[in-house]
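Chemist: I'd like to ask you about the structure that follows.
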Amino acid sequence: MAIGVFDSGVGGLTVHRELTRRFPDRDFIYLADQAHAPYGGLNGERIVELTREGCARLFEAGASVVVLACNTASAIALRRLQQTWIPGERERLGRPVNVLGIIVPTIEAATGMPWTYEADRMGDKIEAIDITGVFCTAATAMSRVYEIEIDKRREDLAVFSEPCPGLAGLIELGATPEELKVVVDEHVDALRRRIGRHPDTAILGCTHYEIISDLFAQALPEGTKLINQPTSVADSLERYFERHPEYELGGSARRSFLTTGRAGPQTEMVSQFWGAPLSFDAA
């Protein structure tokens, strides 16, 4: 048994790396759906279908819990899978399984409030005093999940999403830091012009962007808070496993890396981020 980590590509490695640090003795299986990456420009039904197929592969490979280390899949597919698919999978497999996302822990970190909290709307409307910018894929931006869920918990935060179409694809293809810097600078400036100033806090709402978080930090004013999504997810998962001891997670520190795309070594950028050469096997 193992913890499964799923993403459309290499971006989920940012979450995977933090999870392996937090749970060093557990077994992990990483699956990158590189044959269909990136997900940000796909329609909702296709995203649900591909995410379900990826989770099914991981369950068949022995995963008990699958973490959707992809904001797009978490925003579009997670609720559908949990409500309409997971009950049948538990019955079919005859063991406890579940799919978890990364948006809930990110919103908890951004608001400082638990997911179960909702702001009291009985008083006068509070003028927003802080701005949170979300850099994300087009599909995540269209879902408005960050705007809706943060507003439920914090009336004093205004949220603006900046879709960055193509950026995840460039990272997958191994674009140079110089090429990526141009794109990041353009999107940071586009958000600044749209809201009239830079955000106070920024969420990198695509795990691919965590690989180049240094470029976002350089483009934003000094002191802008960047929500660290991998750490938030690891914190949340640790609490989840404490509440749910029924999941078998393995104990041999096994690490498997699978892809639906071309098997073999990943790009130099990914290897540098990971800290060692990284190769994927065929899923």
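Chemist: Mind running the shape call on the range 105-227? Use the C-alpha gyration tensor, a ≥ b ≥ c as the square roots of the eigenvalues: rounded below 1.5 for a/c, prolate if a/b tops b/c, oblate otherwise.
Modeler: Values: a/c = 2.28, a/b = 1.84, b/c = 1.24.
Prolate is the answer for the range 105-227, as a/c is 1.5 or above and a/b outweighs b/c.
Chemist: If you place +1 on the Cβ of every Lys and Arg, -1 on the Cβ of every Asp and Glu, and leave all else neutral, what size is the dipole of the chain about its Cα centre, to the nearest 20 Debye? Write out the running numbers ahead of the final one.
Modeler: Numbers: 29 positive and 40 negative charges, 105 e Å.
Charge dipole of the chain: 500 debye, to the nearest 20.
Chemist: Give me Cys206, Cys70, Cys55 ranked fewest to most by other Cβ atoms within 10 Å of their Cβ, as a rough exposure proxy.
Modeler: Working: Cys206 30, Cys70 37, Cys55 25.
If I rank by nearby Cβ atoms, fewest first, I get Cys55, Cys206, Cys70.
Chemist: I've got another one for you. Rounded, prolate or oblate: which one fits the range 1-128, using the alpha carbon gyration tensor with axes a ≥ b ≥ c (rounded when a/c is under 1.5, else prolate when a/b beats b/c, else oblate)? Show your work: numbers first, answer last.
Modeler: Values: a/c = 1.66, a/b = 1.59, b/c = 1.05.
Judged from the Cα gyration tensor, the range 1-128 comes out prolate (a/c at least 1.5, a/b above b/c).
Chemist: Another question, if that's okay. For the range 200-271, what does the alpha-carbon gyration tensor say about shape, rounded, prolate or oblate, given a ≥ b ≥ c as the root eigenvalues, a/c under 1.5 as rounded, and a/b over b/c as prolate?
Modeler: It is oblate, given that a/c is not under 1.5 and a/b is not larger than b/c.
Chemist: For the chain, take the convex hull of the Cα atoms, compute a quarter of its surface area, and give me that in nm², please. If you can, show how the numbers build up before the last one.
Modeler: Details: hull surface 59.1 nm².
Mean projected area of the Cα convex hull: 14.8 nm².
Chemist: Exposure proxy check: Ile131, Ile148 ranked by fewest other beta carbons within 10 Å?
Modeler: Values: Ile131 18, Ile148 11.
So the ranking, lowest neighbour count to highest, is Ile148, Ile131.
Chemist: Students often check this: by mean Cβ neighbours within 10 Å, which of 224-234, 254-264 ranks highest, and how do the rest follow? Display every interim value, and only then the final one.
Modeler: Values: 224-234: 19.8, 254-264: 16.1.
Answer by packing, highest mean first, reads 224-234, 254-264.
No lab work stands behind these numbers, since they all come straight from the coordinates. Fair warning: this is a prediction, and the values are worked out from it, not measured in the lab. Neighbour counts run over all protein chains shown; Cβ positions are idealised from the backbone, glycine included.
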